[in-house]
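Just so it is clear, none of the values below were taken in a lab; they were calculated from the coordinates. Everything numeric here is computed off the predicted structure, so don't read it as measured data. Cβ atoms come from the backbone with ideal geometry, glycine included; neighbour counts cover every protein chain shown.
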Amino acid sequence: MRVSDICSAIEGFAPLQAAESWDNSGLIVGSPQDEVHGVMVGFDCTPELIDEAIGAGCDMVVTHHPLIFKGIRSIDPLDPVGSAIYKAIRGGVAVYASHTSSDKVLGGVSFAMASRLGLEGVSFLDGDEYGLGAVGDLPKPLSGEQAIEYVKKAFGLQCLRCSRPVESVSRVAVCGGSGGSLIEKARLSGAQLYISGDITYHQFFTREGFMVMDIGHFESEKDIVPILFDVLRKKFPTFVVHMVSSTKNPVFYR
């Protein structure tokens, strides 16, 4: 097995042409021709993930968030990103990220959110063949307060941030990650509720009959890890594919 084989399998699910132009999806560390004996799938490419991969005999990791997102000036082993790069190169570990490419496909991040909520008639919120977000209908209408509890239970949350609850919710739009830019698109889709992460203070001032919820960046995207794992296991059923032992949120709630 080569790195290129793993890349092709992931891109069969989430093609790189679907990724946003500003993104850094794809092969980040390593050569397509490098041999691979095992793959570790995770959410963030942290030093701990590289250590776990090496300990499991994996010489490639596939994550959602890119290890290198913006330009870096130095590789400092004391910096989390620098440490992960340093460990990957020294350990001969190839690194691949399926970021916005996995956000923008059917069955990707936002569709996993819709699945947790049991939404029906789900389609892209913004797009056609590839797109951002998803929108669909609840099995039955809920009050705004009921919707809050419904979402908390669906995502295993103890808390969330939301705007003023509306009277009734029957249609819901979602977008994994930082989805503040799609708030108006969600309202125009006919949704009474929009769920995403990284929503800013002023975006909680919503129009009558429409509310927004911020469930957290991590919480909205974490389901992509088992999805990517399943893609590789189905493509290579006899090949060694591991899923990271724990997917950790860098944000602590107290």
Item to check | 5 Å binning of all Cα-Cα separations within the stretch 43-95, expressed as whole percents from 0 upward | outcome: 5, 23, 35, 25, 11, 2, 0
Next on the checklist: Please list, by residue number, every one of the trypsin sites (Lys or Arg not before Pro) in the stretch 47-128 that is coil in DSSP and has at most 11 other beta-carbon atoms within 10 Å.
Outcome noted: K70, R73
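Within the chain, which is the longest segment containing none of the chymotrypsin sites (Phe, Trp or Tyr not before Pro) that sit in a DSSP loop and have at most 11 other Cβ atoms within 10 Å?
Numbers: sites that count: W22, F205, F252, Y253.
Between the exposed loop sites, the longest stretch runs 23-204.
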Checklist entry - Loop-only check: which GluC sites (Glu not before Pro) in the stretch 147-254 are DSSP coil with at most 16 other Cβ within 10 angstrom? => result E167, E208
Checklist entry - What are the extents of the Cα atoms of the stretch 89-174 along their three principal axes, listed from largest to smallest and rounded to whole Å? => result 55, 33, 20
Item to check | Computed [θ] at 222 nm, helices only, for the chain once each DSSP H run of length n ≥ 4 contributes -39500 (n - 2.57) | outcome: -9000 deg cm²/dmol
Checklist entry - What residue among I148, I183, I75 shows peak mean-square fluctuation when the chain is described by a Gaussian network model with Cα springs under 10 Å? => result I75
Item to check | 10 Å binning of all Cα-Cα separations within the chain, expressed as whole percents from 0 upward | outcome: 7, 31, 31, 20, 9, 1
Item to check | Selected from F111, I148, Y130, residue furthest toward positive end of dipole (the stretch 104-214; charges at beta carbon) | outcome: I148
Next on the checklist: Once you place label points 7 Å from the Cα toward the Cβ at L160 and E129, how far apart are they in nm?
Outcome noted: 3.3 nm
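What is the projected area of the convex hull of the Cα atoms of the stretch 1-136, averaged over all directions, in nm²? If you can, show how the numbers build up before the last one.
Details: hull surface 35.4 nm².
Orientation-averaged projected area of the Cα hull: 8.9 nm².
Among the listed pairs K70/K234; K70/K152; K152/K248, give every one whose C-alpha distance is greater than 28 Å.
K70/K234; K70/K152
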